[in-house]
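Structure first, commentary second.
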Amino acid sequence: MSEQLKARVLLVDDEQDFLKMLSDRLKMRGLKVNTVSSGEEAVSKVEEQDYDAVILDLSMPGIDGLETIRQIKTKNPDAEIIMLTGHGSIKSSVEALKLGATDYLQKPVDIKELLGKIGEAHDKRMLIVEKKSQQALEEILKSRGW
């Protein structure tokens, strides 16, 4: 990857060593990374700030990854969520995608593959922001009679 991806990422995983290692690897590639270790913290963070991608573990104590997707999508339907798990099944991957996850990757994840998925999420998010800005501009122009 010749140019650095400028994206804001939220990593959610209850395994602290994995969280630190992946966070460091992404930061070395120019991403802005926040980390939390529970679904509850993830929902709270997404309410506070927009992220280009939320990378979410499936199996966590408290609310699991699937419930975290539900809660995040309720509050922010445009959130780009990439599931990342070592305990995946076809059933859980289908359920995650039905709930609105953008993608589903297995641990250990290939960093290039993950960066590609983050890049896709970032691009999609930029299109959504651009479309919303265009709609807001059109509403302003209509209200002014221009």
Protection proxy (average C-beta count within 10 Å per residue), highest first, orders 45-51, 121-127 as 121-127, 45-51
Computed over the chain: longest principal axis from alpha-carbon atoms vs helix 111-144 long axis, angle to nearest 10 degrees, is 20
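So for the stretch 8-144, averaging the separation of alpha carbon pairs under 8 Å that are six or more residues apart and normalising by length, what relative contact order in percent results?
20
Sort the following peptides by mean Cβ neighbour count (other Cβ atoms within 10 Å, averaged over residues), highest first: 72-80, 8-16. It would help to have the intermediate numbers written out before the result.
Details: 72-80: 16.7, 8-16: 20.2.
Descending mean neighbour count gives 8-16, 72-80.
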Taking Cα atoms, the helix 39-48 axis meets the longest principal axis of the chain at an angle in degrees (rounded to 10) of 20
For residue 117, the aspartates and glutamates lying under 14 Å Cα to Cα, once residues fewer than eight places off in the same chain are dropped, come out as 52, 80, 103
With -39,500 (n - 2.57) per DSSP H segment of 4 or more residues and division by the full residue count of the chain, the 222 nm estimate, nearest 500 deg cm²/dmol, is -17500 deg cm²/dmol
To the nearest 20 debye, the chain has a Cα-centred charge dipole, built from +1 on Lys and Arg Cβ and -1 on Asp and Glu Cβ, of 460
Set 73/131; 6/132; 27/132, cut-off 23 Å on Cα-Cα distance; pairs above it are 27/132
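Values in this text are rule-based calculations from the coordinates and carry no lab data. In this text the structure is predicted, and so the values were computed from the model without any measurement. We place every Cβ from the backbone using ideal geometry, glycine too, and count neighbours over all the protein chains shown.
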